[in-house]
Amino acid sequence: MGKLFTSLQPDHEEFIRNQRLFFVGSAPSEGGQINISPKGYDTLRIFSPTEIGYLDLTGSGNETSAHLKENGRITFMFIAFEGAPDILRLYGHGRVILPEMAEWEGLIQNFDLLPGARQIIYAKIHSVKTSCGYGVPFFSYTGERNSLQKWAIQKGEQGLKEYRKEKNTISMNGIVTPLGEKEDF
């Protein structure tokens with residue numbers, strides 16, 4: 001059944017690389033809404049057994065970013081929908097890397113820059129937990145949706161800036177996001 005580790009093991013890394021979907025969980029420090037976001041595309045990278053990150057694309061909210069700014073807590077969950085049952089959770093402390101930050105240049109080289117990219121979510125992992133996944137049903141992967149990328153291309157850079165200013169600067173709990181701290185959009 002479940003086991004606890006302090007870092008990713010080689011078999012964990014292989015499992016993560018084979019997943020086409022992962023979930024990110026975060027929450028404000030006091031009350032408010034817990035956020036769980038599904039993430040697709042090939043946006044996640046493993047930098048070391050205790051460091052991961054993903055290229056975060058513009059969306060209708062920016063909850064993870066706000067929560068990380070406030071308290072840094074983040075959880076990643078990977079589920080086997082094909083093959084042997086397995087669930088892998090990564091617990092850590094994360095932060096947001098914006099394009100104008102010095103770290104962006106070093107990290108973005110690890111990703112394919114997708115339309116609508118707004119930030120990198122970077123996390124140091126302190127706990128890795130496996131669990132059985134026996135109750136997870138089988139699902140078949142048939143492909144990525146291209147809706148988000150088409151939407152971002154259609155918006156264009158200026159349209160994305162305006163959208164982010166309107167929709168991505170304050171969380172639903174009223175926390176100002178790192179994007180909301182920017183003076184220039």
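Please compute the contact order of region 32-185 in relative form: average sequence separation of alpha-carbon pairs under 8 Å and at least six residues apart, divided by the residue count, as a percent.
Numbers: 243 pairs, mean separation 45.5, N = 154.
So the answer I get is 30 percent.
Can you tally the net charge around V136? Count Lys and Arg as +1, Asp and Glu as -1, for every other residue whose Cβ sits under 14 Å from the Cβ of V136.
On the way: positive: R89; negative: E82, D86.
Local net charge: -1.
Given their separation in residues at 0.36 nm each and the Cα-Cα distance between them, Q9 and S37 gain 7.6 nm when the chain is fully extended.
For region 12-58, applying the loop criterion from DSSP together with a ceiling of 16 other beta carbons within 10 Å to the GluC sites (Glu not before Pro) yields E30.
Per-residue extension of 0.36 nm, minus the Cα-Cα distance of I170 and E82, leaves a gain of 28.0 nm for this segment.
Which FRET efficiency value, to the nearest 0.05, do you get for R145 and D184 by plugging their Cβ-Cβ distance into 1/(1 + (r/R0)^6) with R0 = 30 Å? It would help to have the intermediate numbers written out before the result.
Working: r = 32 Å, r/R0 = 1.06.
Efficiency at R0 = 30 Å is approximately 0.40.
Near G72, once Lys and Arg are set to +1 and Asp and Glu to -1 for all other residues with Cβ below 12 Å from its Cβ, the sum equals +3. Note on L107 and E162: the model spin-label points, each 7 Å out from Cα along the C-beta direction, lie 2.9 nm apart. Average 1/r across all pairs of distinct alpha carbons in region 3-180, invert it, and you get the Kirkwood radius: 17.0 Å. Full extension of the chain between V136 and I153 yields a length gain of 2.6 nm, computed as 0.36 nm times the residue separation minus the alpha carbon distance. Neighbours of G174, meaning other residues whose beta-carbon lies under 15 angstrom from its beta-carbon, give a summed charge of -2 when Lys and Arg score +1 and Asp and Glu score -1. Determine the alpha carbon to alpha carbon distance for each of K39/K150; K69/K167; K69/K165; K124/K161 and list only those over 19 Å. Listed pairs above 19 Å: K124/K161.
Read-outs throughout are calculated quantities, based only on the coordinates presented, and are distinct from any laboratory measurement. Since the structure is predicted, the reported quantities are computational estimates derived from the model, not experimental observations. Here the Cβ is made from the backbone with ideal geometry for all residues, glycine too, and neighbour counts use every protein chain on show.
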